[in-house]
Every structure is written in structure tokens, then in C-alpha cells.
Amino acid sequence: MSGARMFRPLMMLAAASVVLAAGCGVARQPAGGPPPAPRLVTEHDRANGTTIHVNVGDKVALVLGSTYWQFAGSSTPAVLRQEGPVAVLKATHKCLPGMGCAPKRAVFKALARGKAVITAHRVTCGEALACTGSRGHFKLTVVIG
């Protein structure tokens, strides 16, 4: 057989193999792929007035730098629910009793798509100093997608 005649059956065999392989039930990822693993997003005082975006299943930890902060929780608990009580953390510097310098942390879990607002307030902004203006108010908008 000439080289050209031998080559044609080999090409047909290769093409048939490709067609058969394409028809086999090869497992594929769904178009969107698996959902991302839940994550913990931590925000601090500097996030006041901002908006963050998280996914369903994620947790948001809000750490505010004074024991004077009173957390009001989530505006929409069916979308973003507080998990457990607010915790007072260990102060990162010398803190005498009554100074309010130990941070407080609240953790929230994103339960469903939507939007919720986490708020907190305080009336004291330092030793015997009342908060003025917006200094005593905290607001973080959380969009769950």
C-alpha cells in the first residue's frame, strides 16, 4: 500500500476515536461551578458608613474599639443574623478599668440574598466626653449576593 492509502485509514480511525470520546459521559462542573467556601470578613471602626459585599454562608465580624459601643444588631435578621452575644476582647494596650479601651466584637452570618445594616451607638467618646455629631453612631451596610 502506498503512504497516502495507509494514512487515510489512520485518519478515519483517529476521527472516530475523537467522536466516541466526545460522546462518553465525562463529568463536568456545572456552568457556575461549586459555590465558594464560606469566609469570615472582619471590619473595624474605619468601616463606618461603608458598604461591603459578601456571599450567603459568609460571616461578618465587626470589631469596634471601645467597650462603650452598644450593638443594635442587624436591620434584617432573616438576611443577616447575629450569632451569639457580643464579646469584649482583650485590650491591645494598657487599659485601666472604666476607660472603655477594650474592643467589642459581634459576629453575623449571611443567611439569604439581600441587604442588611449593622448599627451601633455610644454616648461616651472618651473619659467624661459626650459624643457629638456622628461620632457616637456606627453603620455598616452588608449586601449579600
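Descriptive notes on the structure:
- Number of the condition not met by Ser66 [criteria: (1) surrounded by fewer than 15 Cβ atoms within 10 Å (Cβ to Cβ); (2) polar (S, T, N, Q); (3) touching a helix residue (DSSP H, G or I) at 6+ places or on another chain (Cβ under 9 Å)]: (1)
- Qualifying residues in segment 66-81 (those that are farther than 15 Å from Val143 by Cβ and in contact with a Ser or Thr (Cβ under 6 Å, 6 or more places away or on another chain)) - the one modelled with the lowest pLDDT: Tyr68
- A count restricted to segment 36-89 and to residues that are of a type in the set (Ser, Thr, Tyr) and under 16 Å from the mean Cα position of the chain (by Cα) stands at 4.
- Hey, Ala128 loosely packed, with under 14 Cβ neighbours inside 10 Å and modelled with pLDDT under 95 or not: yes
- Residue in segment 91-103 that is crowded, with 17+ Cβ neighbours inside 10 Å, free of Cβ contacts under 8 Å to residues at least 40 places away in the same chain and in a strand (DSSP E or B) present: no
- Considering only residues in segment 104-125 that are more than 25 Å from the chain's Cα centre (by Cα) and surrounded by 14 or more Cβ atoms within 10 Å (Cβ to Cβ), the one that is modelled with the highest pLDDT turns out to be Arg122.
The values are calculated or read from the model by the stated rules, or taken from the named source; none is laboratory data. Not measured: the values here are computed from a predicted model. Here the Cβ is made from the backbone with ideal geometry for all residues, glycine too, and neighbour counts use every protein chain on show.
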